[in-house]
Amino acid sequence: MNLVLLGPPGAGKGTQAKKIQERYGLTHVSTGDLFRAALANQTALGRQVKKYLDSGQLVPDELTTAMVAERIAQPDCAGGVMFDGYPRTVGQAKALDGLLLKAGKKLDGVMYFDVTEETAIERLSGRRICKGCSAGYHVKYMPPAKPGVCDRCAGELYQRSDDKAETIRERLSVYGRQTEALIGEYRARRLLITVDANRAPDEVTAAVLKALEKLSGSGR
Ligand code: AMP
């Protein structure tokens, strides 16, 4: 099964991707995570994309798709992939179709995480991540037992630099201008599965897994 997780920043795609991974063993390919890793490792790609990530703008399609092509050629992607944060433009959606076709795969579904802008802003501004193991927290909705410290590995929690108010606004505006159009496109292709993602994470997980059960059983 190959899935796209679609929705604005702050919709909970990453959180739910972990749950889907546990249940279905799909490999989680997050373009945001890949770009941040390139930045942290100071690779040539990292240097090229820094200005886009810092300002909340999209990295050009060619760079993004080339990175995705390289990632999905890895052996761990053979059994199925969950794309998180990709595609984000009409051009990327076309490119993804081409990549999958070339690899003899197809897109089985697009899970759309429908959230209000208020919810997205609240989630992004309260989000904290562990420096050690990348576990995600929220200061209000999913706080660690000890503030600033990871429950799992006792690592230090940090806030992503693009989760600051001004960049959040820009990222949501970019989503509205460049990504939202994909909802209609995938709906027209009968691939769209809409989940109300305004609810608590566990409730969203239940809805996501139920929808995937239906999808994997339907042989679509
Ligand atoms: P995310 O972690 O998905 O919120 O992505 C963080 C940042 O990485 C975005 O604000 C963009 O600068 C960049 N990025 C991630 N995915 C893409 C993509 N598919 N196309 C272009 N830029 C991306």
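Taking the simple approach of a point 7 Å from Cα along Cα-to-Cβ for both Arg189 and Lys105, what is their distance in nm?
1.4
Per residue of region 155-162, in order, report the coupling 6.51 cos²θ - 1.76 cosθ + 1.60 (Karplus, θ = phi - 60°) as ³J(HN,Hα) in whole Hz, putting x for Gly and Pro.
Running phi through 6.51 cos²θ - 1.76 cosθ + 1.60 with θ = phi - 60° gives x, 7, 8, 9, 9, 4, 5, 8 Hz.
Any aspartates and glutamates with Cα under 18 Å of the Lys146 Cα? List them, leaving off those in the same chain fewer than 8 positions away.
Straight-line reach from Lys146, under 18 Å: Glu156.
In region 2-145, if the dipole is taken from +1 on Lys/Arg beta carbons and -1 on Asp/Glu beta carbons about the Cα centre, which of Gly14, Ala37, Thr119 is farthest to the positive end?
It is Ala37.
In percent, what relative contact order does region 89-220 have, based on Cα pairs under 8 Å that are 6 or more apart in sequence?
Values: 121 pairs, mean separation 41.6, N = 132.
Computed over region 89-220, the figure is 31 percent.
Helix-only estimate, please: 222 nm mean residue ellipticity of the chain, summing -39500 (n - 2.57) across DSSP H runs of length 4 or more and dividing by its residues, to the nearest 500. Write down the numbers at each step before the final one.
Details: 9 runs with 105 residues, N = 220.
The helix contribution divided over the chain gives -14500 deg cm²/dmol.
Would you pull out the residues with amide H under 5 Å of Met82's amide H, same chain only if 5 or more places away, H placed 1.01 Å from N?
Here Leu3, Thr27, His28, Val29 satisfy the definition.
Taking the Cα centre of the chain as origin and charging only Cβ (+1 Lys, Arg; -1 Asp, Glu), how large is the dipole, in debye to the nearest 20?
Numbers: 33 positive and 26 negative charges, 49 e Å.
Dipole about the Cα centre, nearest 20: 240 debye.
Quote to one decimal, in nm, the extra length available between Arg47 and Gln159 on full extension: 0.36 nm per residue of separation minus the C-alpha distance between them.
Details: separation 112, 0.36 × 112 = 40.32 nm, distance 2.10 nm.
Length gained between Arg47 and Gln159: 38.2 nm.
With r defined as the distance between the Cβ atoms of Ala181 and Lys140 and R0 fixed at 35 Å, what FRET efficiency is calculated, to the nearest 0.05?
Values: r = 32 Å, r/R0 = 0.92.
Rounded to the nearest 0.05, the efficiency is 0.65.
Choose one of Cys153, Ile72, Ala211: the residue whose Cα lies farthest towards the positive end of the charge dipole of the chain (beta-carbon charges +1 Lys, Arg; -1 Asp, Glu; about the Cα centre).
Ile72
Given a cut-off of under 8 Å on Cα pairs at least six residues apart, what relative contact order in percent is computed for the chain?
On the way: 312 pairs, mean separation 64.9, N = 220.
Answer for the chain is 29 percent.
Values in this text are rule-based calculations from the coordinates and carry no lab data. Everything numeric in this text was worked out from a predicted model, so none of it was measured. In this analysis, Cβ positions are derived from the backbone assuming ideal geometry, glycine residues included, and neighbour counts consider all displayed protein chains.
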